[in-house]
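Engineer: Questions regarding the structure given below will be posed in turn.
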2 protein chains.
Amino acid sequence: MAFNKIDDNILQAIIAIVGNDSVITSRDDMERYSHDETEDLSYYPEVVVKPRSAKEISALLKLCNEHMIPVTPRGAGTGLSGGALSVMGGLLISMERFDQILNIDEQNLQATVEPGVITEVFMNAVAEKGLLYPVDPASKGSCFIGGNVSHGSGGPRVVKYGTIREYILNLEVVLPSGEIIWTGANTLKYASGYNLTQLMIGAEGTLGVITKIVTKLIPHPTNDALMLASFPSNESACAAVSAIFRAGIVPSAVEYMERKCFEWVKAYNGVQFDLKDEDAAFLLIEVDGTDNEVIFAECEKINQVLESFGCKDVLFADSAAKKAELWHIRRTIGESVKINSVYKKEDMVVPRATLPQLVKGIKEIGNKYGFDSVCFGHAGDGNLHLNIIQGSMSNADWNDKLNTGIAEIFELTVSLGGTISGEHGIGLVQKEFMPIKYTNVHFELWRGIKKVFDKNNILNPGKIF
Amino acid sequence: MAFNKIDDNILQAIIAIVGNDSVITSRDDMERYSHDETEDLSYYPEVVVKPRSAKEISALLKLCNEHMIPVTPRGAGTGLSGGALSVMGGLLISMERFDQILNIDEQNLQATVEPGVITEVFMNAVAEKGLLYPVDPASKGSCFIGGNVSHGSGGPRVVKYGTIREYILNLEVVLPSGEIIWTGANTLKYASGYNLTQLMIGAEGTLGVITKIVTKLIPHPTNDALMLASFPSNESACAAVSAIFRAGIVPSAVEYMERKCFEWVKAYNGVQFDLKDEDAAFLLIEVDGTDNEVIFAECEKINQVLESFGCKDVLFADSAAKKAELWHIRRTIGESVKINSVYKKEDMVVPRATLPQLVKGIKEIGNKYGFDSVCFGHAGDGNLHLNIIQGSMSNADWNDKLNTGIAEIFELTVSLGGTISGEHGIGLVQKEFMPIKYTNVHFELWRGIKKVFDKNNILNPGKIF
């Protein structure tokens, strides 16, 4: 089905719905809506709207459905797969005005929040009441919680506290037809029909526009310890991860960083860090709880495991400042690479114990094609963040052959039991690799589901499949 | 679309697929497949098959699709909503021969298990390796894990360890078309297209037949403590639940039982228990971890909370035998009622702190209609198990007016933010109440999804909606 352009009549109808002050049409003002954090993509919508209510979104979707105008819902634009880009033009709905925390229910340990609230703002608001919302992507200071839901985002603490799927209880959603529904109930358990809440999580805004989010909260841990362990090889660091869990400990974070991560953040983010020649890889390990003695006993046990994998040096962060510094290193790796090199990000996920094989394979494939790579990520979940760097690859090869190399990496990922994305989503940029993992049967089911929600395919077209 | 009967030609085709020894056609032998644990329902299939492989199931589904024969997949038949009953006749596929634990992967803390494995058998097998699969419904000694997945089953430990949705990573499924797919990947995180694994969980066998299950496992806690606290009223017991969490503690179980539960298990299950006049309600609270001192400190904190809600007496289970005895009381309430009275089971779920209102309302509605009730359940999750007992209701009223009373209870449930079922599913018996919570928009989405998977509606027809 062919889409139509937004003509003056439709523009007037859009203005009638949201008001003049909520509509952007100048190219300059639309610039910041034309990209996300995915490499150098740029797609301009025809019109940007900043609605204030589900009702306005409902009217917009009805209008666009009637006139076959593509619609792209957008959070903070911090995505890493191009999911929020208007690749077909049309209307971009920015959720930035849905920025209210509507309710923190301390009786039920639940909150109701609008999708345009910045994740860290929400985390801090519930922390003030002694509660934890543990889903904290590296971009937590700027991303919206609605985008997190739509992309199934994770973060370091998933390993202990579970994925975002465990924390999203209910969603208010505007369907492409304009109908507004609650997907489920505000309950911790749910066995009442196909779970539409779960279907919306990770659907990347292709099935409906999320307008309210009910989350589960848990008591905030009162104490934590953070340590940074160095290893003589990538393999030994990755192998230690799995052993920590087998020793009966579930840390609240286990982040892997290869040596190069430190080189990049030292060079480009002004981080002071004494990097020794023999440091080939690092694990950043956090343990939390309510009792320092228990935490220290667990750290001691972890220490023993680390030693048996050749760990030479463990740095305990003994102050809040030191902890913040170590987390800062971890959180700025992506940015350091992004600002300073031609790069491509991947976020494959594998069963935890196969990480050493994955990292080894990535390096071999890189050697074969001539690209360099910076590997880090949520090792406790088997979720690797891979930044591919142009290295010695020529521009021609980078443009022509890189994707062949990436396809080889995904073939390895899938052969290890893994899949394309752990938390960044498929969006635009991973679409072409999906057939490495999925068959026509999957694509037919997905397309069928899409059609049930969005018969004219107006909502975020061109994404996932 | 009208279904066909299984004629002799189709029977021969079925036998050709699975072999003579895997087909049951005599009414006597089919008796045990004609009911589950849902009250007194009885529906005979025309033919029962006990296939041995996904390939056989694939051939059976293709055959039935071609000939418009309804197919009902069945686990252990311990369901409480009629989900495994052949309400349209046709072919019943018993999964009882899918009884192998295929792999316990101690490196990745994952297991691959067939759906016909008894949940407790699986739990014990992983516990032997120091690992925990925490999803333990009351029927764990007899239910199949495949049924648990299909119904989104829970159990006491969900409150700490999360729902079954957090533990099911990947599923091998035979679609009604006969296609065999893996729904996802063996990974802890997943952001690669609509999540078909999550869609299968709780779909009650209407979208596909599950033939392999990959689960997440976690380190087994080494220590636990169990206490039984008595309260002067249902309201005070329920109110204490929410306060425990607000005090910053997440117990591994918080089970609520009203006084009558103890009366029933004493009378009918030979349980010895000293019930005092002032004991109106109880909480069974378990705390687990790796350190006894921490556990005892948490128990002490819980104790203080309980006292502030009028708790008079706390019984600490000081031996494994005593713990088993207390859990036995909890697990046999349903059975005690079932064997000794005309009854109807409900399993509504509400936000945790609204439980006192729910229980109070149920008693008031009972008084209005003349039925009695036994209330218990997973209070930490807001999941109430309600056994309605005929009481002073005449048979005529029981048959004619009970559902009006139940509808009132569900209206109250929904008004409190809850829904129809927390873990038993909708199946056959809750279908009529679904419109209390859900709109035509929900039903249309569900029917649309159903059609994507099962265009001829042959798989478990007549369930959920």
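The values are calculated or read from the model by the stated rules, or taken from the named source; none is laboratory data. Since the model is a prediction, treat every value here as computed from it, not as a measurement. With ideal geometry, Cβ positions are generated from the backbone for all residues, glycine too; neighbour counts draw on all protein chains shown.
Engineer: Kindly evaluate A:R157 against the criterion of being among the charged types (D, E, K, R), in contact (Cβ under 8 Å) with a residue 12 or more places away in the chain and closer than 19 Å to A:N124 by Cβ.
Structural biologist: Yes: the conditions hold for A:R157.
Engineer: Given the residues A:A54, A:A76, which is the only one that is touching a helix residue (DSSP H, G or I) at 6+ places or on another chain (Cβ under 7 Å) and either modelled with pLDDT of 95 or more or more than 18 Å from A:L207 (Cβ to Cβ) (or both)?
Structural biologist: Only one candidate qualifies: A:A76.
Engineer: Yes or no: the range A:450-461 includes at least one residue that is basic (K, R), within 14 Å of chain B (Cβ to nearest Cβ) and touching a strand residue (DSSP E or B) at 6+ places or on another chain (Cβ under 9 Å).
Structural biologist: yes
Engineer: Restricting attention to the range B:372-406, which residues are touching a helix residue (DSSP H, G or I) at 6+ places or on another chain (Cβ under 6 Å), small (G, A, S) and more than 23 Å from B:R157 (Cβ to Cβ)?
Structural biologist: B:S373, B:G405, listed by residue number.
Engineer: Another question, if that's okay. Across the range A:426-465, what is the total count of residues that are buried (at least 20 other Cβ atoms within 10 Å of the Cβ) and either of a type in the set (D, E) or assigned to a strand (DSSP E or B) (or both)?
Structural biologist: 2
Engineer: Can I ask one more? Does the range B:51-76 hold any residues that are part of a loop (DSSP other than H, G, I, E, B) and crowded, with 21+ Cβ neighbours inside 10 Å, and which are they?
Structural biologist: Result: B:P51, B:I69, B:P70, B:G75, B:A76.
Engineer: To continue, here is another question. In the range A:346-391, what residues are aliphatic (A, V, I, L, M) and under 21 Å from A:P251 (Cβ atoms)?
Structural biologist: Of the range A:346-391, the ones aliphatic (A, V, I, L, M) are A:348-350, A:353, A:355, A:358-359, A:362, A:365, A:374, A:379, A:384, A:386, A:388-389.
Hits for the range A:346-391 are A:V349, A:V350, A:A353, A:L355, A:L358, A:V359, A:A379, A:L384.
Engineer: Another question about this same structure. Looking only at strands (runs of 3 or more DSSP E) that fall completely inside the range B:240-340, which ones have 3 or more residues that are touching a Pro at 6+ places or on another chain (Cβ under 7 Å) and not aromatic (F, W, Y)?
Structural biologist: It comes to B:281-289.
Yes or no, residue by residue, for (1) buried (at least 18 other Cβ atoms within 10 Å of the Cβ); (2) of a type outside the set (V, I, T); (3) over 26 Å from A:D224 (Cβ atoms); (4) within 14 Å of chain B (Cβ to nearest Cβ):
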residue: A:D318; (1), (2), (3), (4): no, yes, no, no
residue: A:L326; (1), (2), (3), (4): yes, yes, no, no
residue: A:I329; (1), (2), (3), (4): yes, no, no, no
residue: A:V342; (1), (2), (3), (4): no, no, yes, no
residue: A:M348; (1), (2), (3), (4): yes, yes, yes, yes
residue: A:G366; (1), (2), (3), (4): yes, yes, yes, no
residue: A:H378; (1), (2), (3), (4): yes, yes, no, yes
residue: A:D381; (1), (2), (3), (4): yes, yes, no, yes
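Engineer: Taking the range A:367-385 as the search range and keeping residues that are aliphatic (A, V, I, L, M) and part of a strand (DSSP E or B), which one is farthest from A:H424 (Cα to Cα)?
Structural biologist: By that ranking, first place goes to A:V374.
Engineer: Still on this structure: B:I436 - would you say it is in contact with a helix residue (DSSP H, G or I) (Cβ under 6 Å, 6 or more places away or on another chain), farther than 30 Å from B:K360 by Cβ and of a type outside the set (D, E, K, R)? Spell out how you get there, then give the answer.
Structural biologist: Numbers: in contact with a helix residue (DSSP H, G or I) (Cβ under 6 Å, 6 or more places away or on another chain): yes; farther than 30 Å from B:K360 by Cβ: no; of a type outside the set (D, E, K, R): yes.
For B:I436, the condition - in contact with a helix residue (DSSP H, G or I) (Cβ under 6 Å, 6 or more places away or on another chain), farther than 30 Å from B:K360 by Cβ and of a type outside the set (D, E, K, R) - is not met.
Engineer: From B:D40, B:D99, which residue is part of a loop (DSSP other than H, G, I, E, B), surrounded by fewer than 20 Cβ atoms within 10 Å (Cβ to Cβ) and modelled with pLDDT under 95?
Structural biologist: Details: B:D99 fails: modelled with pLDDT under 95.
Sole residue among the options that is part of a loop (DSSP other than H, G, I, E, B), surrounded by fewer than 20 Cβ atoms within 10 Å (Cβ to Cβ) and modelled with pLDDT under 95: B:D40.
Engineer: Of all residues in the range A:103-137, which are away from chain B (no Cβ under 14 Å), outside any helix (DSSP H, G or I) and aliphatic (A, V, I, L, M)?
Structural biologist: Listed by number, the residues that qualify are A:V113, A:V117, A:I118.
Engineer: Using beta carbons and a limit of 8 Å, which pairs, at least six apart or on different chains, have the first residue in the range B:141-154 and in the same structural domain as B:E166 (by TED's automatic domain parsing) and within 20 Å of B:H378 (Cα to Cα) and the second one surrounded by fewer than 24 Cβ atoms within 10 Å (Cβ to Cβ) and of a type in the set (D, E)?
Structural biologist: Short answer, once both residue conditions are applied: B:G141/B:E120.
Engineer: Oh, and also: What's the number of the only condition in (1) at pLDDT 95 or above; (2) crowded, with 17+ Cβ neighbours inside 10 Å; (3) more than 30 Å from A:L41 (Cα to Cα) that A:E307 fails to meet?
Structural biologist: Exception for A:E307: condition (2).
Engineer: Hey, among B:G448, B:G427, which residue is under 22 Å from A:W182 (Cα atoms) and touching a residue at least 40 places away in the same chain (Cβ under 8 Å)?
Structural biologist: Exactly one residue qualifies, and that residue is B:G427.
Engineer: Might you check whether a residue that is free of Cβ contacts under 8 Å to residues at least 40 places away in the same chain and either assigned to a strand (DSSP E or B) or hydroxyl-bearing (S, T, Y) (or both) occurs anywhere in the range A:344-358?
Structural biologist: Within the range A:344-358 (the criterion being free of Cβ contacts under 8 Å to residues at least 40 places away in the same chain and either assigned to a strand (DSSP E or B) or hydroxyl-bearing (S, T, Y) (or both)), the answer is no, since none of the residues qualifies.
Engineer: B:L92 passes all but one of (1) farther than 25 Å from B:G425 by Cα; (2) of a type outside the set (S, T, Y); (3) more than 14 Å from every other protein chain (Cβ to nearest Cβ); (4) buried (at least 24 other Cβ atoms within 10 Å of the Cβ); which number fails?
Structural biologist: (1)
Engineer: If a residue has to be in contact with a Gly (Cβ under 6 Å, 6 or more places away or on another chain), within 14 Å of chain B (Cβ to nearest Cβ) and either part of a loop (DSSP other than H, G, I, E, B) or modelled with pLDDT under 95 (or both) to count, how many in the range A:386-425 make the cut?
Structural biologist: Count: 2.
Engineer: So which residues in the range B:180-201 are touching a residue at least 40 places away in the same chain (Cβ under 8 Å) and out of contact with any Asp or Glu (no Cβ under 9 Å at 6 or more places or on another chain)? Show your work before the answer.
Structural biologist: Taking the range B:180-201 as the starting set, the residues that turn out to be touching a residue at least 40 places away in the same chain (Cβ under 8 Å) are B:180, B:186, B:199-201.
Result: B:L199, B:M200, B:I201.
Engineer: Which residue out of B:E307, B:E263, B:E293, B:E255 is in contact with a helix residue (DSSP H, G or I) (Cβ under 6 Å, 6 or more places away or on another chain) and among the acidic types (D, E)? Let's see the steps before the verdict.
Structural biologist: Details: B:E307 fails: in contact with a helix residue (DSSP H, G or I) (Cβ under 6 Å, 6 or more places away or on another chain); B:E263 fails: in contact with a helix residue (DSSP H, G or I) (Cβ under 6 Å, 6 or more places away or on another chain); B:E293 fails: in contact with a helix residue (DSSP H, G or I) (Cβ under 6 Å, 6 or more places away or on another chain).
None of the others qualify; the one that does is B:E255.
Engineer: Please determine, by comparing only the residues of the range B:163-207 that are more than 9 Å from chain A (Cβ to nearest Cβ) and part of a loop (DSSP other than H, G, I, E, B), which one is farthest from the chain's Cα centre (by Cα).
Structural biologist: Ranking the qualifying residues of the range B:163-207, first place goes to B:G178.
Each row is one residue, and each column tells you yes or no for (1) within 27 Å of A:K216 (Cα to Cα); (2) out of contact with any Lys or Arg (no Cβ under 8 Å at 6 or more places or on another chain); (3) free of Cβ contacts under 8 Å to residues at least 60 places away in the same chain.
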position	(1), (2), (3)
A:D7	no, yes, yes
A:V18	no, no, yes
A:I24	no, no, yes
A:S58	yes, yes, no
A:G79	yes, yes, no
A:A111	yes, yes, no
